[in-house]
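Visitor: What follows is a single structure, and I will ask about it in a moment.
The values are calculated or read from the model by the stated rules, or taken from the named source; none is laboratory data. These numbers come from a predicted model, not from an experiment. When we count neighbours, we look across all protein chains shown, and the Cβ atoms used for this are built from the backbone with ideal geometry, even at glycine.
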């Protein structure tokens, strides 16, 4: 586990400000490793790498979450007893871990484990999507726990689709081709995203992290 960056979050005194700072720190880890950006948004690395989020609470052992920097997904964790676990659909892992054979890292597998799903939304999806980050931060500030609305859920499930459009635009700019294919943008209508400015870039771009795609970023010298 040496040389794997760790970011801590103190659950004892968690505030919306502390949460926002943590998300900025996590996102910075992706910025450091990014070979490409689009409208200022980092693209995930294509090289193996991990970071750890330590969930700390006074009087209790820390729980460690392992995040894959290739895609920002939670791939395993160390529980409060010190036992490591990884999901059954994950290969590379930075520690010896017991495989959770009945559980993969997909939402469909984790739907009955609300604690894990909530952590994924707070610490993975919020790094990827502006809407999710704003929603979680606002919940903390208002001390509410309202359900995620259907449109936000659809955006969460469409991160790779939005990343694909960002990659499409990046590659056309790189190849000095003007504009974008409207058919590529039309795929995002289901998320109520209708322009490149709504996909990436300040102040309203949805993407805060873009998923690497060999189709768009591969073969670049």
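Visitor: Do the conditions hold for residue 201, that is, is it surrounded by fewer than 21 Cβ atoms within 10 Å (Cβ to Cβ), closer than 18 Å to residue 35 by Cα, outside the structural domain of residue 48 (by the TED database) and in contact with a strand residue (DSSP E or B) (Cβ under 8 Å, 6 or more places away or on another chain)?
Guide: Numbers: surrounded by fewer than 21 Cβ atoms within 10 Å (Cβ to Cβ): yes; closer than 18 Å to residue 35 by Cα: yes; outside the structural domain of residue 48 (by the TED database): yes; in contact with a strand residue (DSSP E or B) (Cβ under 8 Å, 6 or more places away or on another chain): yes.
Yes.
Visitor: Would you mention how many residues in the stretch 176-195 are buried (at least 19 other Cβ atoms within 10 Å of the Cβ) and assigned to a helix (DSSP H, G or I)?
Guide: 1
Visitor: Of the residues 41, 127, 132, only one is out of contact with any strand residue (DSSP E or B) (no Cβ under 9 Å at 6 or more places or on another chain) and at pLDDT 95 or above; which?
Guide: 132
Visitor: Please state which of the following conditions residue 173 fails to meet, knowing it meets all the rest: (1) assigned to a loop (DSSP other than H, G, I, E, B); (2) touching a strand residue (DSSP E or B) at 6+ places or on another chain (Cβ under 9 Å).
Guide: Condition not satisfied by residue 173: (1).
Visitor: Follow-up. Looking at 81, 7, 27, which one is surrounded by 13 or more Cβ atoms within 10 Å (Cβ to Cβ) and either modelled with pLDDT under 95 or not in a strand (DSSP E or B) (or both)?
Guide: Details: 81 fails: surrounded by 13 or more Cβ atoms within 10 Å (Cβ to Cβ); 7 fails: either modelled with pLDDT under 95 or not in a strand (DSSP E or B) (or both).
Of the residues listed, the single one that is surrounded by 13 or more Cβ atoms within 10 Å (Cβ to Cβ) and either modelled with pLDDT under 95 or not in a strand (DSSP E or B) (or both) is 27.
Visitor: Inside the stretch 30-41, can you point out the residues that are more than 16 Å from the chain's Cα centre (by Cα) and either part of a helix (DSSP H, G or I) or on the phi < 0 side of the Ramachandran plot (or both)?
Guide: Across the stretch 30-41, the qualifying residues are 35, 36, 38.
Visitor: So, in the stretch 1-36, how many residues would count as being within 30 Å of residue 220 (Cα to Cα) and free of Cβ contacts under 8 Å to residues at least 60 places away in the same chain?
Guide: Final tally of qualifying residues: 10.
Visitor: Give me the residue from the stretch 123-145 that is in a helix (DSSP H, G or I), under 9 Å from the mean Cα position of the chain (by Cα) and touching a residue at least 40 places away in the same chain (Cβ under 8 Å) and, out of that set, farthest from residue 199 (Cα to Cα).
Guide: Of everything passing the filter in the stretch 123-145, 123 is farthest from residue 199 (Cα to Cα).
Visitor: Filter the stretch 142-153 down to the residues that are out of contact with any strand residue (DSSP E or B) (no Cβ under 9 Å at 6 or more places or on another chain) and surrounded by 13 or more Cβ atoms within 10 Å (Cβ to Cβ), then identify the one that is modelled with the lowest pLDDT. Steps first, answer last, please.
Guide: Looking only at the stretch 142-153, we keep the residues that are out of contact with any strand residue (DSSP E or B) (no Cβ under 9 Å at 6 or more places or on another chain), and these are 142-151, 153.
With the extra rule that they be surrounded by 13 or more Cβ atoms within 10 Å (Cβ to Cβ), the set shrinks to 148, 153.
On the way: 148: 88, 153: 93.
Within the stretch 142-153, the match that is modelled with the lowest pLDDT is 148.
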